[in-house]
1. Check G66, G144, G136 and return the single one that is in contact with a strand residue (DSSP E or B) (Cβ under 9 Å, 6 or more places away or on another chain) and in a strand (DSSP E or B).
2. Going by the structure shown, is C173 without any contact (Cβ under 8 Å) to a residue 60 or more places away in the chain, of a type in the set (A, V, I, L, M, F, W, C) and open to solvent by 10 Å² or more (accessible area, probe 1.4 Å)?
3. Can you spot a residue in the stretch 139-158 that is in contact with a Cys (Cβ under 8 Å, 6 or more places away or on another chain), touching a residue at least 12 places away in the same chain (Cβ under 8 Å) and assigned by TED's automatic domain parsing to the domain that holds R108?
4. What residue, of A214, A182, A210, is open to solvent by 20 Å² or more (accessible area, probe 1.4 Å), assigned to a helix (DSSP H, G or I), in the same structural domain as D234 (by TED's automatic domain parsing) and under 13 Å from R240 (Cβ atoms)?
5. In the stretch 234-253, which residue that is more than 16 Å from ligand 1 (Cβ to nearest atom) and in a loop (DSSP other than H, G, I, E, B) is nearest to G139 (Cα to Cα)?
6. Return the residue satisfying two criteria in turn: it lies in the stretch 217-233 and is without any contact (Cβ under 8 Å) to a residue 60 or more places away in the chain and more than 16 Å from G139 (Cα to Cα), and of such residues it is surrounded by the most Cβ atoms within 10 Å (Cβ to Cβ).
7. Given the criteria part of a loop (DSSP other than H, G, I, E, B), in contact (Cβ under 8 Å) with a residue 60 or more places away in the chain, open to solvent by less than 60 Å² (accessible area, probe 1.4 Å) and acidic (D, E), does D111 qualify?
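The values are calculated or read from the model by the stated rules, or taken from the named source; none is laboratory data. None of the values given here were measured: they were computed from a predicted structure. In this analysis, Cβ positions are derived from the backbone assuming ideal geometry, glycine residues included, and neighbour counts consider all displayed protein chains. All accessible areas refer to the heavy atoms of the entire protein, side chains included, with ligands and DNA or RNA removed. Shrake-Rupley method; radii C 1.70, N 1.55, O 1.52, S 1.80 Å.
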Amino acid sequence: MTLLFCSGIDNAGLWRDALRRRLPDVTLRVWPEVGDPDDIDMALVWQPPPGIFAGLPNLRLVMSLGAGVETLLADPSLPDVPLVRMVADSLSDDMAGFVALQVLRWHRHSDEFDAAQAAGVWRWLPYRPAREVTIGLLGLGELGQAAAAVLGALGYRVLGWSRSPKHLNGVECFAGPDGLEAMLPRCDQLVCLLPLTADTRGILDRRLFARLPAGAVLINAGRGDHLVEADLLDALDCGRLGGASLDVFSEEPLPAGHPFWRHPRIRVSPHSAAATHPAQAVEQVAATLAAFRDGRPLANRVDRGRGY
Ligand code: NAP
Ligand code: GLV
């Protein structure tokens with residue numbers, strides 16, 4: 001087996017060490033040093049150069065270093081072979097921590113206290129008990145369920161929305177378009193952890209914001225293209241929304257001069273909510289390769305029809 005690793009942002013050195021240690025019998029090539037492209041039968045990639053797969057005629061398996069695979073699915077050179085996305089406990093833990101951090105930041109006046117400290121002012125502000133604050137999650141998959149568990153442990157009321165109906169401990173579950181309509185008016189904060197698909201692109205728009213309670217907070221850690229940026233700016237400027245934490249953007253890095261950078265009610269983070277850590281994630285790669293070699297069903301295989 002010969003595996004091609006290709007990522008512009010992951011640490012290739014750390015991955016090389018982790019893969020060599022965990023999978024000593026796999027021959028490793030690191031982009032752009034492909035060697036003979038005919039040798040490559042597996043690829044482990046994050047946002048590879050478009051068209052990359054056209055030059056790899058013997059690929060039998062593609063693994064994504066990320067959970068979201070919309071960029072890979074949009075590449076016409078992606079061959080019709082199994083595509084497996086990243087699912088790892090560490091990724092879920094990171095996302096749950098990010099969501100909790102943002103929820104607490106808005107609920108517990110963290111930014112106001114930072115500003116008061118900067119001004120040398122002792123300023124107490126009232127806040128509701130967590131059990132009276134409702135958090136809605138768009139997406140109840142690997143990451144949504146991890147976030148729900150942590151928010152529940154912090155005492156928040158948790159609602160969640162998915163495509164197919166679910167029954168989860170501690171989460172009031174909604175599904176489908178009617179479920180979304182019913183959930184939104186109850187959400188003090190709304191967290192997007194959806195995959196980017198034809199159905200979810202632009203879902204965070206003026207119409208959705210109008211269904212939320214006035215002053216609600218938006219947290220987007222899904223993808224930038226879930227959000228209609230101009231609608232968010234309008235909703236914040238007229239007070240319909242109270243604030244937004246944004247980790248993902250239509251254009252990344254967020255361009256200099258973009259209005260999000262300096263908006264007083266927007267908090268920007270650089271697509272850092274959840275990372276794929278090589279030492280943990282290599283275990284999923286190893287499990288996928290073992291199953292592939294043995295002809296067993298592959299876990300976390302992307303359903304191309306669904307788009308995630
Ligand atoms: P997942 O396990 O596939 O879960 C996706 C969830 O979204 C599922 O509950 C699914 O419903 C729901 N969903 C999909 N389409 C829907 C629709 N049209 N209507 C309602 N619900 C819909 O994915 P995941 O591992 O949790 O990851 C989610 C996303 O997080 C990724 O795709 C990626 O975009 C993003 N992400 C961001 C970061 C970051 O650092 N910011 C890191 C990792 C991932 P069903 O359960 O019914 O299928
Ligand atoms: C990161 O955004 C991922 O999809 O894993």
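1. Numbers: G66 fails: in a strand (DSSP E or B); G144 fails: in a strand (DSSP E or B).
That would be G136, the only listed residue that is in contact with a strand residue (DSSP E or B) (Cβ under 9 Å, 6 or more places away or on another chain) and in a strand (DSSP E or B).
2. Values: without any contact (Cβ under 8 Å) to a residue 60 or more places away in the chain: yes; of a type in the set (A, V, I, L, M, F, W, C): yes; open to solvent by 10 Å² or more (accessible area, probe 1.4 Å): yes.
Considered against the rule, which asks whether it is without any contact (Cβ under 8 Å) to a residue 60 or more places away in the chain, of a type in the set (A, V, I, L, M, F, W, C) and open to solvent by 10 Å² or more (accessible area, probe 1.4 Å), C173 comes out as yes.
3. First, pick out the residues of the stretch 139-158 that are in contact with a Cys (Cβ under 8 Å, 6 or more places away or on another chain): 139-140.
If we keep only those that are touching a residue at least 12 places away in the same chain (Cβ under 8 Å) as well, we get 139-140.
Applying the additional criterion that residues be assigned by TED's automatic domain parsing to the domain that holds R108 yields 139-140.
The answer is yes, given that some residue of the stretch 139-158 is in contact with a Cys (Cβ under 8 Å, 6 or more places away or on another chain), touching a residue at least 12 places away in the same chain (Cβ under 8 Å) and assigned by TED's automatic domain parsing to the domain that holds R108.
4. Numbers: A214 fails: assigned to a helix (DSSP H, G or I); A182 fails: under 13 Å from R240 (Cβ atoms).
That would be A210, the only listed residue that is open to solvent by 20 Å² or more (accessible area, probe 1.4 Å), assigned to a helix (DSSP H, G or I), in the same structural domain as D234 (by TED's automatic domain parsing) and under 13 Å from R240 (Cβ atoms).
5. Restricting to residues being more than 16 Å from ligand 1 (Cβ to nearest atom) and in a loop (DSSP other than H, G, I, E, B), the top hit is R240.
6. Across the stretch 217-233, the extreme among qualifying residues is L232.
7. On the way: part of a loop (DSSP other than H, G, I, E, B): no; in contact (Cβ under 8 Å) with a residue 60 or more places away in the chain: yes; open to solvent by less than 60 Å² (accessible area, probe 1.4 Å): yes; acidic (D, E): yes.
Against the criterion (part of a loop (DSSP other than H, G, I, E, B), in contact (Cβ under 8 Å) with a residue 60 or more places away in the chain, open to solvent by less than 60 Å² (accessible area, probe 1.4 Å) and acidic (D, E)), D111 does not qualify.
Results for (1) surrounded by fewer than 14 Cβ atoms within 10 Å (Cβ to Cβ); (2) touching a residue at least 24 places away in the same chain (Cβ under 8 Å), shown as yes or no for each residue.
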{"residue": "D10", "(1), (2)": "no, yes"}
{"residue": "R16", "(1), (2)": "no, no"}
{"residue": "R20", "(1), (2)": "yes, no"}
{"residue": "R29", "(1), (2)": "no, yes"}
{"residue": "G55", "(1), (2)": "yes, no"}
{"residue": "M63", "(1), (2)": "no, yes"}
{"residue": "G66", "(1), (2)": "no, yes"}
{"residue": "L78", "(1), (2)": "no, yes"}
